[in-house]
Amino acid sequence: MPEPIQRRTALKGISAALATPFLGDKILGADKPVLRVAHITDVHLKNDLGAPEKFAKCLRNIQDQNPKIDLILNGGDIVFDMNKENLSAIDAQWALWNKIVKQESSLPMHYCLGNHDVWWHENTKDQPIYGKQYALNQLQLTSPYHSFVSKGWKIILLDSTHLDIDNTWYIGKLGDQQFAWLEKELNETPATMPVLVMSHIPILTALLMIEDNIVNRWEMLGGDMHTDTAKIIGLFYKHKNVKLCLSGHLHMRDKVLYNNVTYLCNGAVSGAWWNGIRRECPAGYAVLDLYADGRFDERYVAY
Ligand SMILES: [Zn+2]
């Protein structure tokens, strides 16, 4: 379910009361987070609906946070939509993206791609920009999945979006090659190093059960949540240092805890695609305080 902000505040109050030893450490300054991250997702930028001004406001809001944010994780659906668009419309969306980020943000930004950052245009299959290559070029990335280490945390950025078996539309999955890479990546990460994973499509979410007019069953589409969830969870189960998975895609917010891994779907910077709020979830982004021992605090900022 999208988590009301009040509930989070209430829970925080309870955990603070229960965790007296940590509180003592905090007073002494020994229990400070080592890394402060802003997770933005589903910006869907285009020159319409006031989106450029609102996104600039969001970036300023991030940089006004106190204590300061160290870096931004961008969970994809960066531009409004590349699917079925012609090249000039796509060029304009990316030029706008690069301009605003350059003008309004001085923070490092690390990306994964969303389904709207991929060009599945039927007539462009033989062109070099087909698929993910155009967005990778714009973001100066050599691979749609990658990792880095910051302040003792391993950050893994996954590529959720792949063509379905009939090759016509996307579903959420890693595919064999990326899964093997993830397996190797986790094997090579020290067991004491906490891991944060970001994907565009949620690996695990309860949000798909929020539907209107359900009669006797829910329908879950392979494009709404990863279809290889069980396989990924099985891998995480072998690596207890995987602590936190971030996603977007659904433009709503929830928090699922499974096998001590927290799965956070963090709303959308664009809310309902720059048309107000999506169900009960306002436009926003998440702030995450990451501690050396793998703990974290999180909150949603309706900027
Ligand atoms: Zn989206």
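Quick look at the values:
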quantity: Residues (exposed (fewer than 14 other Cβ atoms within 10 Å of the Cβ) and either in contact (Cβ under 8 Å) with a residue 24 or more places away in the chain or assigned to a helix (DSSP H, G or I) (or both)) located in the stretch 77-102; calculated: Lys84, Ser88, Asp91, Ala95, Asn98, Lys99, Lys102
quantity: The stretch 44-59: number of residues that are of a type in the set (D, E, K, R), surrounded by 12 or more Cβ atoms within 10 Å (Cβ to Cβ) and at pLDDT 95 or above; calculated: 2
quantity: The stretch 120-147, subset among the hydroxyl-bearing types (Ser, Thr, Tyr) and modelled with pLDDT of 90 or more, residue surrounded by the fewest Cβ atoms within 10 Å (Cβ to Cβ); calculated: Thr142
quantity: Only one of Val256, Val287, Val215, Val242 that is within 22 Å of Ala56 (Cα to Cα) and among the β-branched types (Val, Ile, Thr); calculated: Val287
quantity: Contacts under 6 angstrom Cβ, first residue in the stretch 59-76 being away from the ligand (no atom under 16 Å from the Cβ), partner among the acidic types (Asp, Glu), 6 or more apart; calculated: Leu59/Glu104
quantity: Conditions (1) within 16 Å of the ligand (Cβ to nearest atom); (2) in a strand (DSSP E or B); (3) not β-branched (Val, Ile, Thr): number failed by His110; calculated: (1)
quantity: Verdict on Ser150 being surrounded by 14 or more Cβ atoms within 10 Å (Cβ to Cβ), of a type in the set (Gly, Ala, Ser), within 16 Å of the ligand (Cβ to nearest atom) and within 18 Å of the chain's Cα centre (by Cα); calculated: no
quantity: Residue selected from the stretch 246-258 under the condition in contact (Cβ under 8 Å) with a residue 24 or more places away in the chain and either β-branched (Val, Ile, Thr) or more than 15 Å from the ligand (Cβ to nearest atom) (or both), by the criterion farthest from His116 (Cα to Cα); calculated: Tyr258
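Quick grid of which residues meet (1) over 19 Å from Cys112 (Cβ atoms); (2) surrounded by fewer than 18 Cβ atoms within 10 Å (Cβ to Cβ); (3) within 16 Å of the ligand (Cβ to nearest atom):
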{"site": "Ala180", "(1), (2), (3)": "no, yes, no"}
{"site": "Pro202", "(1), (2), (3)": "no, no, yes"}
{"site": "Lys238", "(1), (2), (3)": "yes, yes, no"}
{"site": "Leu244", "(1), (2), (3)": "no, no, no"}
{"site": "Asn260", "(1), (2), (3)": "yes, yes, no"}
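The values are calculated or read from the model by the stated rules, or taken from the named source; none is laboratory data. In this text, all values refer to a predicted model and were calculated from it rather than measured experimentally. Heads up, the Cβs are rebuilt from the backbone with ideal geometry, glycines too, and the neighbour counts pull from every protein chain shown.
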